[in-house]
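Enquirer: Handing you a structure now.
The values are calculated or read from the model by the stated rules, or taken from the named source; none is laboratory data. This is a predicted model, so every value here is computed, not measured. All accessible areas refer to the heavy atoms of the entire protein, side chains included, with ligands and DNA or RNA removed. Shrake-Rupley method; radii C 1.70, N 1.55, O 1.52, S 1.80 Å.
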Amino acid sequence: MASRKTSRPNRDSGDKYSVLLPTYNERENLPLIVWLLVKYFGESGFNYEIIVIDDGSPDGTLEVAEQLQKVYGEDKIVMFVLLFPFKGTAYIHGMKHASGNFIIIMDADLSHHPKFIPEFIQKQKEGDYDLVSGTRYRGNGGVYGWDLRRKLISRGANFLAQVLLRPGASDLTGSFRLYKKKVLESLVEQCVSKGYVFQMEMIVRARQLNYTIGEVPISFVDRVYGESKLGGNEIVSYAKGLLMLFATT
């Protein structure tokens, strides 16, 4: 199998990438994901910052983040925000503190590997895309660590969304993406959904507004530490959100 190659970036491009990491009970995962981000940004030469947005974690995630700020510096670990509720609001708060002209959103639970970020950036530059989405369902992308039930749920949910919404992207529910900051601000203003449906609506609204979408195949790995938040309530919310988008877009 041919290996992926990512060309060396232009360090003088003037672009800066703000990574938004919403967290809840991620004290074990946060040091690892931050170390990996620092490693791959350092190797590729892109200018970056990491913004940790904590949702009042009772396990001490915020204290861990404060220690990481001391290790890596306040110019790299920028801000810790306590907020309620989660996801869409987290991105709004994160963007307010982001100094980059590009925003990267990803999960802090190690399911999204930072090694793909240079490929996201290269893809964006190749086509000047408004957003680049990681996809589990195209090329050599895939999912690892899920049981058959969860794989079937994910595939089924994505298939239904493709049939009903025709979004022009292969992975609607993924949350590993790169946006032009102005594009993300515009999309967040348009979106009304929360939770898992939020990511789907972002793609659908992007299509409505004629934003261009690039895709990079990624390997999604189930979280190493902590518990998955997917349950019956989330599945019902997804179904309701899908029908809402079908009726209104």
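Enquirer: Step through the table entries 123/240; 123/194; 76/115; 76/181; 125/194; 96/123, compare each Cα-Cα distance with 23 Å, and write down the pairs that go over it. Mind showing how you got there, number by number?
Expert: On the way: 123/240 33 Å; 123/194 28 Å; 76/115 18 Å; 76/181 18 Å; 125/194 30 Å; 96/123 26 Å.
Flagged as over cut-off: 123/240; 123/194; 125/194; 96/123.
Enquirer: Right, next: In what sequence, largest accessible area first, do 38, 71, 163, 204 appear using a 1.4 Å probe?
Expert: Listed by decreasing accessible area, they come as 71, 163, 38, 204.
Enquirer: Taking N as the number of residues in the range 17-248, what value does Rg over Cα atoms divided by 2.2 N^0.38 Å take? Intermediate values should be presented prior to the final figure.
Expert: On the way: Rg = 16.6 Å, N = 232, 2.2 N^0.38 = 17.4 Å.
After normalising by residue count via 2.2 N^0.38 Å, the value is 0.95.
Enquirer: Whenever you get a sec, compute what percent of the accessible area on the range 17-248 sits on carbon and sulfur atoms (1.4 Å probe).
Expert: 55 percent
Enquirer: Which lysines, on any chain, are close to residue 151 with Cα under 16 Å apart, when same-chain ones fewer than 8 places away are left out?
Expert: Cα-Cα hits under 16 Å: 229.
Enquirer: Okay, next question. Heavy-atom accessible area per residue, the range 17-248, 1.4 Å probe: how many Å²? Don't skip to the end; give the middle numbers.
Expert: On the way: 10260 Å² over 232 residues.
Solvent-accessible surface per residue comes out at 44 Å².
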